[in-house]
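Before any comments, here is the structure.
The values are calculated or read from the model by the stated rules, or taken from the named source; none is laboratory data. None of these values were measured; they are calculated from a predicted model. Note that each Cβ is placed from the backbone with ideal geometry, even for glycine, and that neighbours are counted across all protein chains shown. Each accessible area value is taken on the protein alone, full model and side chains, heavy atoms only, with ligands, DNA and RNA left out. Shrake-Rupley method; radii C 1.70, N 1.55, O 1.52, S 1.80 Å.
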Amino acid sequence: MSDQTPASTGTHATPESGEPGIKLNVPQDVLDHFAKLGVTADTFSGGHLGEKMGIRIVEASPERVVGTMPVEGNQQPYGLLHGGASAALAETIGSVGAMLHAGPGRYAVGVDLNATHHRSATSGLVTGVATAVFRGRTAATYEIAITDDQGRRITSCRLTCMLRDI
(Lines give C-alpha, C1' and ligand atoms only; values in the text may rest on other atoms or scores of the structure.)
Protein backbone atom coordinates (compact mmCIF):
# COMPACT_ATOMS: atom_id res chain seq x y z
CA MET A 1 0.00 0.00 0.00
CA SER A 2 1.15 3.52 -0.70
CA ASP A 3 1.79 5.72 2.31
CA GLN A 4 1.06 8.93 0.44
CA THR A 5 -1.80 11.15 1.51
CA PRO A 6 -3.97 12.38 -1.33
CA ALA A 7 -3.98 16.14 -1.60
CA SER A 8 -7.09 16.29 -3.72
CA THR A 9 -10.11 14.54 -2.31
CA GLY A 10 -12.75 17.09 -3.17
CA THR A 11 -15.70 16.63 -5.43
CA HIS A 12 -16.31 18.23 -8.78
CA ALA A 13 -18.80 18.05 -11.60
CA THR A 14 -17.97 17.05 -15.13
CA PRO A 15 -18.87 19.64 -17.75
CA GLU A 16 -20.68 17.04 -19.86
CA SER A 17 -22.83 15.54 -17.13
CA GLY A 18 -23.02 18.39 -14.63
CA GLU A 19 -23.25 15.68 -11.98
CA PRO A 20 -21.95 16.78 -8.58
CA GLY A 21 -20.45 14.41 -6.07
CA ILE A 22 -17.72 12.74 -8.06
CA LYS A 23 -15.27 11.32 -5.53
CA LEU A 24 -11.68 11.40 -6.67
CA ASN A 25 -9.08 10.39 -4.12
CA VAL A 26 -6.26 11.45 -6.43
CA PRO A 27 -2.96 12.90 -5.19
CA GLN A 28 -2.41 16.52 -6.22
CA ASP A 29 0.86 15.70 -8.01
CA VAL A 30 -1.04 13.31 -10.29
CA LEU A 31 -3.70 15.94 -11.03
CA ASP A 32 -0.98 18.54 -11.68
CA HIS A 33 0.86 16.21 -14.07
CA PHE A 34 -2.26 15.57 -16.14
CA ALA A 35 -3.31 19.24 -16.03
CA LYS A 36 0.00 20.13 -17.71
CA LEU A 37 -1.04 17.78 -20.52
CA GLY A 38 -4.40 19.55 -20.78
CA VAL A 39 -6.33 16.59 -19.38
CA THR A 40 -9.06 16.94 -16.76
CA ALA A 41 -9.34 14.60 -13.78
CA ASP A 42 -12.48 12.87 -15.05
CA THR A 43 -10.73 11.72 -18.24
CA PHE A 44 -7.09 11.48 -17.13
CA SER A 45 -7.04 7.71 -17.13
CA GLY A 46 -8.17 6.97 -20.65
CA GLY A 47 -6.11 9.52 -22.56
CA HIS A 48 -7.23 10.10 -26.12
CA LEU A 49 -8.74 6.62 -26.47
CA GLY A 50 -10.82 7.04 -23.33
CA GLU A 51 -11.94 10.46 -24.51
CA LYS A 52 -13.06 9.06 -27.88
CA MET A 53 -14.90 6.23 -26.14
CA GLY A 54 -16.58 8.56 -23.65
CA ILE A 55 -15.03 6.93 -20.57
CA ARG A 56 -15.53 9.01 -17.42
CA ILE A 57 -14.05 8.35 -14.00
CA VAL A 58 -16.60 9.01 -11.27
CA GLU A 59 -14.76 7.65 -8.24
CA ALA A 60 -11.08 6.88 -7.78
CA SER A 61 -8.93 5.57 -4.96
CA PRO A 62 -6.28 2.83 -4.76
CA GLU A 63 -8.92 0.44 -3.40
CA ARG A 64 -11.81 1.14 -5.81
CA VAL A 65 -12.31 2.93 -9.12
CA VAL A 66 -15.66 3.51 -10.82
CA GLY A 67 -16.00 4.59 -14.44
CA THR A 68 -18.76 4.86 -17.01
CA MET A 69 -18.92 4.55 -20.78
CA PRO A 70 -21.78 5.00 -23.25
CA VAL A 71 -22.78 2.02 -25.36
CA GLU A 72 -23.52 4.30 -28.32
CA GLY A 73 -20.37 4.80 -30.37
CA ASN A 74 -18.76 1.69 -28.83
CA GLN A 75 -20.78 -0.96 -30.67
CA GLN A 76 -19.77 -3.70 -33.05
CA PRO A 77 -21.54 -4.08 -36.44
CA TYR A 78 -24.55 -5.93 -34.91
CA GLY A 79 -25.32 -3.00 -32.59
CA LEU A 80 -24.02 -4.71 -29.45
CA LEU A 81 -21.45 -3.22 -27.09
CA HIS A 82 -18.07 -4.23 -28.52
CA GLY A 83 -16.15 -6.66 -26.31
CA GLY A 84 -13.00 -4.63 -26.92
CA ALA A 85 -14.75 -1.53 -25.60
CA SER A 86 -15.60 -3.38 -22.39
CA ALA A 87 -11.96 -4.50 -22.15
CA ALA A 88 -10.76 -0.92 -22.69
CA LEU A 89 -13.05 0.33 -19.90
CA ALA A 90 -11.80 -2.42 -17.59
CA GLU A 91 -8.12 -1.77 -18.31
CA THR A 92 -8.63 1.96 -17.94
CA ILE A 93 -10.24 1.89 -14.52
CA GLY A 94 -8.04 -0.93 -13.18
CA SER A 95 -4.95 0.98 -14.30
CA VAL A 96 -6.13 4.09 -12.48
CA GLY A 97 -6.36 2.13 -9.24
CA ALA A 98 -2.91 0.62 -9.79
CA MET A 99 -1.43 4.05 -10.62
CA LEU A 100 -2.89 5.54 -7.46
CA HIS A 101 -1.57 2.61 -5.42
CA ALA A 102 1.89 2.91 -7.01
CA GLY A 103 2.28 6.47 -5.72
CA PRO A 104 4.47 9.40 -6.78
CA GLY A 105 7.40 8.69 -9.09
CA ARG A 106 5.90 5.38 -10.22
CA TYR A 107 3.56 4.23 -12.96
CA ALA A 108 1.41 1.19 -13.72
CA VAL A 109 1.55 -0.91 -16.89
CA GLY A 110 -1.09 -3.54 -17.66
CA VAL A 111 0.50 -6.96 -18.20
CA ASP A 112 -2.51 -9.28 -18.11
CA LEU A 113 -6.18 -8.65 -18.91
CA ASN A 114 -8.88 -11.32 -18.83
CA ALA A 115 -12.46 -10.58 -19.92
CA THR A 116 -15.53 -12.82 -19.88
CA HIS A 117 -18.60 -11.42 -21.64
CA HIS A 118 -21.86 -12.58 -20.05
CA ARG A 119 -24.54 -10.62 -21.92
CA SER A 120 -24.89 -7.83 -24.42
CA ALA A 121 -25.87 -4.19 -24.10
CA THR A 122 -27.36 -2.24 -26.98
CA SER A 123 -27.94 1.19 -25.45
CA GLY A 124 -27.45 3.30 -22.36
CA LEU A 125 -24.44 3.60 -20.12
CA VAL A 126 -22.30 0.81 -18.74
CA THR A 127 -20.54 1.15 -15.40
CA GLY A 128 -17.30 -0.51 -14.42
CA VAL A 129 -16.23 -1.02 -10.82
CA ALA A 130 -12.61 -2.03 -10.26
CA THR A 131 -11.89 -3.49 -6.83
CA ALA A 132 -8.36 -4.20 -5.60
CA VAL A 133 -7.57 -7.88 -5.09
CA PHE A 134 -3.83 -7.54 -4.51
CA ARG A 135 -1.72 -4.43 -4.02
CA GLY A 136 1.97 -5.17 -3.69
CA ARG A 137 5.24 -3.32 -4.26
CA THR A 138 5.74 -4.45 -7.87
CA ALA A 139 2.27 -5.53 -8.98
CA ALA A 140 -1.41 -4.80 -8.41
CA THR A 141 -4.45 -6.86 -9.44
CA TYR A 142 -8.03 -5.64 -9.80
CA GLU A 143 -11.35 -7.39 -10.42
CA ILE A 144 -13.65 -5.34 -12.63
CA ALA A 145 -17.40 -5.84 -12.91
CA ILE A 146 -19.11 -4.06 -15.81
CA THR A 147 -22.89 -3.67 -15.53
CA ASP A 148 -25.65 -2.17 -17.65
CA ASP A 149 -28.23 0.48 -16.68
CA GLN A 150 -30.33 -2.20 -14.96
CA GLY A 151 -27.40 -3.42 -12.85
CA ARG A 152 -27.02 -6.65 -14.84
CA ARG A 153 -23.46 -7.88 -15.26
CA ILE A 154 -22.22 -7.49 -18.83
CA THR A 155 -18.57 -8.43 -18.40
CA SER A 156 -16.24 -9.73 -15.67
CA CYS A 157 -12.55 -8.85 -15.92
CA ARG A 158 -9.31 -9.23 -14.05
CA LEU A 159 -6.36 -6.90 -14.65
CA THR A 160 -2.81 -7.19 -13.34
CA CYS A 161 -0.49 -4.22 -13.63
CA MET A 162 3.25 -4.11 -13.13
CA LEU A 163 4.38 -1.13 -11.04
CA ARG A 164 7.51 0.62 -12.25
CA ASP A 165 9.65 3.56 -11.22
CA ILE A 166 9.64 6.50 -13.61
Compute the length gained on full extension between Val129 and Lys52: take 0.36 nm times their separation in residues and subtract their Cα-Cα distance, giving the result in nm to one decimal. 25.7 nm
So for the pair Arg106, Gln76, with labels modelled 7 Å out along Cα→Cβ, what separation do we get in nm? 3.7 nm
At R0 = 22 Å, FRET efficiency that the Cβ-Cβ distance of Asp32 and Met162 yields, to 0.05: 0.35
Using a 1.4 angstrom probe, figure out how much accessible area segment 92-154 has per residue, in square angstrom, rounded to the nearest whole. 47 Å²
What is the distance, in nm, between label points placed 7 Å from the Cα along the Cα-to-Cβ direction at Thr116 and at Arg152? 1.8 nm
Could you check how much of the accessible area of segment 40-134 is carbon and sulfur, as a whole percent, using a 1.4 Å probe? 54 percent
